[in-house]
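To start, the structure under review is shown below, and the notes come after it.
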There are 2 protein chains.
Amino acid sequence: MADFNLMRRLAQPGESKIVLFVMDGMGGLPIEPGGPTELEAAHTPNLDRLAAEGCCGLSQPIAPGVSPGSGPAHLALFGYDPLVFDVGRGVLEALGVDFALQPDDLAARGNFCTVDGQGLITDRRAGRIPTEAGEHLTIKLQAGTSLEGYEIFVQPVKEYRYLFVLRGPGLSSALSETDPLVVGKRSLPVRPLDDSAEAAHSASLVNEWLRQAKELLAGGFPANSLNLRGFAKDPGFPLFPDVFKLRSAAIAVYPMYRGVAQLVGMDVLDAGATLDEEIVALSRHWADYDFFFVHFKYTDSRGEDGDFAAKVKEIEKVDKVMPRILDLNPDVLIVTGDHSTPALLKSHSWHPVPTLLWSPTAMPDLARTFGERACSTGSLGTFPAPDLLPLALGHAQRLARYGA
Amino acid sequence: MADFNLMRRLAQPGESKIVLFVMDGMGGLPIEPGGPTELEAAHTPNLDRLAAEGCCGLSQPIAPGVSPGSGPAHLALFGYDPLVFDVGRGVLEALGVDFALQPDDLAARGNFCTVDGQGLITDRRAGRIPTEAGEHLTIKLQAGTSLEGYEIFVQPVKEYRYLFVLRGPGLSSALSETDPLVVGKRSLPVRPLDDSAEAAHSASLVNEWLRQAKELLAGGFPANSLNLRGFAKDPGFPLFPDVFKLRSAAIAVYPMYRGVAQLVGMDVLDAGATLDEEIVALSRHWADYDFFFVHFKYTDSRGEDGDFAAKVKEIEKVDKVMPRILDLNPDVLIVTGDHSTPALLKSHSWHPVPTLLWSPTAMPDLARTFGERACSTGSLGTFPAPDLLPLALGHAQRLARYGA
């Protein structure tokens, strides 16, 4: 991983510009034996040229065999070892719905569920109620629950999932979860996980809220009860602009990615909802920042759909905007994914991710095109994703020499 | 890095011979897009044969993106993780001028500077005075300063740079620097950086020396004052011959490299100033040692000059002596650089360094020639430089089996 002490010691302010372009879930697999991957099948003359002129490799987001969530996968690309910098699920849920989490807020991921007459859980996901039904229930909970001296936020996420945030003094995230993880059992009460007064106090607050919430939901169906998991607070990570001495901006459409960038202290720029608008935002703010994280979501979405051909098309859309980025004269342009989402698997996977680093100071290697197999011949080898950012700083000539 | 406990446990004395041949700053870049690097452009039939018969890779001296100084880069080749075994700048400066540093000596790097009538620094490098002028001033300081009970050494380094060493009892290197690092400010007094009596005592000694030195320089121009940076003592590293069970010798012309070898306990052999004389020294001492570090400087020098063609010629000179080394029948011959110094960049760089390990027990890989791109196809991959020495011990069959 990036050695933050070393980076703090060596990183220098400067004029050079770095662009980290992330195609979410870009890595893939052949959809049929012997065939190309999504990236290999795509017609990508611009990315191929960048790969040929730059250096390439395969990036490993977390650890061998481990499929990453979006939060940890992006932290890795930002140089943070996701095994060290662990973000709680509650915080990730808050980031995912663009909730402006404050430093002392306690956040949790909630699930609506179905219970029987004895209070035993019969469906942990309440029959996967539609998102609109979930929204309706969160409005009811927001209006009908209160805890003296504390603010409560209940926000819909998707289907049976919601976000719960408690704001006020002396809150601890050292709390056990309520979901027994199997049907046929009762929701568990929240217990403090350490001996602090804060944990005991927080547990009693949350239990009281759960009591009120269950009362409000009772009688409804199928979502007639609820659980809370992954209690967490803002982890207070070292700030990206401080560690790497980069004035840093994020251009991303989806809340989760804006949120992770914000968590490490990047400015989140207003961009529209399209790739074109993202590139316009990049141009407009070019003079104001040294580092740009640009996020493109739809490669992952089409991979999750299992739609190989549609994912290929999304990659080709990205290829077409590369000349517009190059026209801005970046010193370093990285194109990679946060993880693989092969259409074959319809989900995030553990496969290392094709990565190219283009720069006038890059040593061109044997990778002549941008694809999984081409990148496996590249000089970067198969490398831990958090190594990428320091490498970019090197190519941007922003790191002082180590030792005389 | 080399696991020193593991090495101490497994390393065995033996009869086999290892040669580590270091072309300083060997790694390079194409001087024009699409062209070869210095090493690729050089006609190197002998190195190509060694690469084809041996195994190859790209070695990373410090960390991704980080350009190394010569001291740390050599420590890495000797198996010492340079991020763990940190040598202070004062010690590196002493090594660089062949000063025989004793264990309790306090060393610092000095810079002559220019101050105005109010004592504010107007030029931190005293107009980069010629080396002869710097020499003259160090003679003046050596003769004209004294501290009771202590020996003082003031030696020229280059231009405005000098070495300051204090010898005597109870010295600490926990001292702040005097250089404010910007012009328009006064030199800072030295402050102790911990609560020890030694640090307080050392600070007052150094401040008194600075007072005397400034008095001597006042009235001269442009070097009418001075600063001290990087106070350091011999770090007392584990000794290379003990850890790796190798009777070890260094053959190097330049003081810095002889110094680093000495710092880890190698014998430094008397060799002349030419590559031919270095190889003669290697032959003469062949029976006396198990491990030879042979250093060749001029690849780095020509890289720093930005002279691609001249660096190519230096590489070709090295190629020509390879048969003479092979005639000695080494069990392992490594050819690598301590870092890259691309003529394109005219400076040390962060690019990983082509490396070949030739041995009768090496598994020949896909690298058929010795060059950056050929080595990127090698079976060693892109690896941390400190891994090389244990690998050499393996091929020299000097490591016991781990476990039954």
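The values are calculated or read from the model by the stated rules, or taken from the named source; none is laboratory data. Small disclaimer: the values here were computed from a predicted structure and weren't measured. As a convention, Cβ positions derive from the backbone with ideal geometry for all residues, glycine included, and neighbour counts pool all protein chains shown. Side chains are part of the model used for accessible areas, which takes the heavy atoms of the whole protein and leaves out ligands, DNA and RNA. Shrake-Rupley method; radii C 1.70, N 1.55, O 1.52, S 1.80 Å.
Quick check: net charge around B:VAL353, other residues with Cβ under 11 Å of its Cβ, Lys/Arg +1 and Asp/Glu -1?
Summing Lys/Arg as +1 and Asp/Glu as -1 gives -3.
Send over a whole-number figure in Å² for the accessible area per residue of the range A:292-398, probe 1.4 Å.
Solvent-accessible surface per residue comes out at 31 Å².
Mind checking Rg over Rh on the range B:244-301, alpha carbons, Kirkwood formula for Rh?
0.95
Across the residues of A:364-374, average count of Cβ atoms on other protein chains within 10 Å?
2
With a 10 Å radius around each residue's Cβ, average the other Cβ atoms per peptide and rank A:190-199, B:129-138, highest first.
So the peptides A:190-199, B:129-138, ranked by packing, come out B:129-138, A:190-199.
How large is ³J(HN,Hα) for each residue in the range B:157-170, as worked out from phi by the Karplus curve 6.51 cos²θ - 1.76 cosθ + 1.60 (θ = phi - 60°), to whole Hz, x for Gly and Pro?
Result, rounded to whole Hz: 10, 6, 6, 7, 9, 9, 9, 10, 10, 10, 10, x, x, x.
Can you tell me what percent of all Cα-Cα pairs in the range B:324-404 are more than 17 Å apart?
For the range B:324-404, the fraction of Cα-Cα distances above 17 Å is 54 percent.
Taking a cut-off of 29 Å between Cα atoms, list the lysines near B:LYS297, but don't count ones fewer than 8 places away on the same chain.
By straight Cα distance, B:LYS297 reaches B:LYS17, B:LYS158, B:LYS233, B:LYS245, B:LYS311, B:LYS313, B:LYS317, B:LYS320, B:LYS346.
Counting DSSP beta bridges with both partners in the protein assembly as shown, what percentage is antiparallel, nearest 5?
Just about 60 percent of them are antiparallel.
Looking only at B:GLY119, B:GLY220, B:GLY34, which one moves most when chain B is put into a Gaussian network model with springs between Cα atoms under 10 Å?
Residue with maximal mean-square fluctuation among B:GLY119, B:GLY220, B:GLY34: B:GLY34.
When Cβ neighbours within 10 Å are restricted to other protein chains, what is their mean count per residue of peptide A:387-399?
What the average comes to for A:387-399 is 4.
What residues of the range A:98-135 lie in the reach of a label at A:VAL183, counting those whose backbone N is under 12 Å from a point 7 Å from the Cα along Cα→Cβ?
Residues A:114-116, A:121-128 qualify, since their backbone N sits under 12 Å from the label point.
Could you report the range A:149-241's accessible area per residue, 1.4 Å probe, as an integer in Å²?
Result: 45 Å² per residue.
Using packing as a proxy for protection, rank B:66-75, A:344-353, B:209-218 so that the peptide with the highest average count of other Cβ atoms within 10 Å comes first.
So the order, starting with the most tightly packed, is B:66-75, A:344-353, B:209-218.
Taking only protein heavy atoms and a 1.4 Å probe, what accessible area per residue, in Å², does the range B:1-103 have with all protein chains in place?
For the range B:1-103, the solvent-accessible area averages 32 Å² per residue.
May I ask for the Rg/Rh ratio of the range B:11-143, computed from Cα atoms with Rh as the Kirkwood radius, given to two decimals?
My calculation puts Rg/Rh at 1.09.
Hey, any idea what Rg/Rh is for the protein assembly as shown, computing Rh the Kirkwood way over Cα pairs?
Radius of gyration relative to Kirkwood radius: 1.04.
Would you look at the GNM of chain B, springs on alpha carbons closer than 10 Å, and say which of B:GLU40, B:GLU208, B:GLU32 moves the most?
B:GLU32
Which residues' amide hydrogens lie under 5 Å from the amide hydrogen of A:TYR402, considering only partners 5 or more residues apart or on another chain, with H built in the peptide plane?
Correct list: B:SER67, B:GLY69.
Using a probe of 1.4 angstrom, how much of the accessible area of the range A:4-108 is carbon and sulfur, in percent?
51
Which residues' amide hydrogens lie under 5 Å from the amide hydrogen of A:THR382, considering only partners 5 or more residues apart or on another chain, with H built in the peptide plane?
A:LEU58
Please give, to one decimal in nm, the separation of the simple spin-label points placed at B:SER347 and B:GLU151, each 7 Å out from Cα toward the Cβ.
Reported label-point gap for B:SER347 and B:GLU151 is 3.7 nm.
How big is the range A:75-217 along each principal axis, measuring the range of its Cα positions in Å and listing the largest first?
Principal extents (Cα only, largest first): 48, 35, 29 Å.
Is it possible to state the helix-based mean residue ellipticity at 222 nm for the protein assembly as shown, with each DSSP H run of 4+ residues giving -39500 (n - 2.57), the sum divided by total residues, to the nearest 500 deg cm²/dmol? What is it?
Theoretical 222 nm ellipticity from helices: -9500 deg cm²/dmol.
Whenever you get a sec, compute what percent of the accessible area on the range A:175-293 sits on carbon and sulfur atoms (1.4 Å probe).
Carbon and sulfur together cover 54 percent of it.
Pull out a ≥ b ≥ c, the square roots of the eigenvalues of the alpha-carbon gyration tensor of chain B, then state rounded if a/c is under 1.5, prolate if not and a/b is larger than b/c, and oblate in the remaining case.
prolate
What lysines could a cross-link reach from A:LYS185, if we take a straight Cα to Cα line under 23 Å and drop same-chain neighbours fewer than 8 places away?
Hits, sequence-local ones excluded: A:LYS214.
B:ARG167 to B:ASP305: FRET efficiency via 1/(1 + (r/R0)^6), r the Cβ-Cβ distance, R0 30 Å, to the nearest 0.05?
0.20
Let me know the Rg and Dmax you get for the range B:168-273 when you use only its Cα atoms, in Å.
Cα only, the range B:168-273: 18.9, 56 Å (Rg, Dmax).
What is the spin-label model distance, in nm, from A:ARG284 to A:LEU366 if the labels are put 7 Å beyond Cα along the C-beta direction?
Using points 7 Å along Cα→Cβ, the separation is 4.6 nm.
What list of ³J(HN,Hα) values in whole Hz, one per residue of the range A:328-336 in order, does the Karplus curve 6.51 cos²θ - 1.76 cosθ + 1.60 (θ = phi - 60°) give from phi, with Gly and Pro shown as x?
The phi angles translate into 7, 6, x, 7, 9, 10, 9, 10, 7 Hz.
Can you give me the long-range amide H partners of A:SER225? Hydrogens built in the peptide plane at 1.01 Å from N, cutoff under 5 Å, separation of 5 or more residues or another chain.
For A:SER225, the qualifying residues are A:CYS113, A:VAL115.
Roughly how much of A:ASP104 is accessible, in Å² to the nearest 10, using a 1.4 Å probe?
Here the residue's solvent-accessible area equals roughly 100 Å².
Could you rank A:ILE325, B:ILE62 by how accessible they are, 1.4 Å probe, largest area first?
Ranked list, largest accessible area first: B:ILE62, A:ILE325.
For chains A and B, what's the summed buried accessible area, probe 1.4 Å, to the nearest 100 square angstrom?
Summing both chains' loss of accessible area gives about 2100 Å².
If you count, for every residue in B:341-354, the Cβ atoms of partner chains within 10 Å of its Cβ, what is the mean?
3
Tell me, in nm to one decimal, what length is gained between A:ASP242 and A:LYS313 on full extension, where the rule is 0.36 nm per residue of separation less the Cα-Cα distance?
21.8 nm
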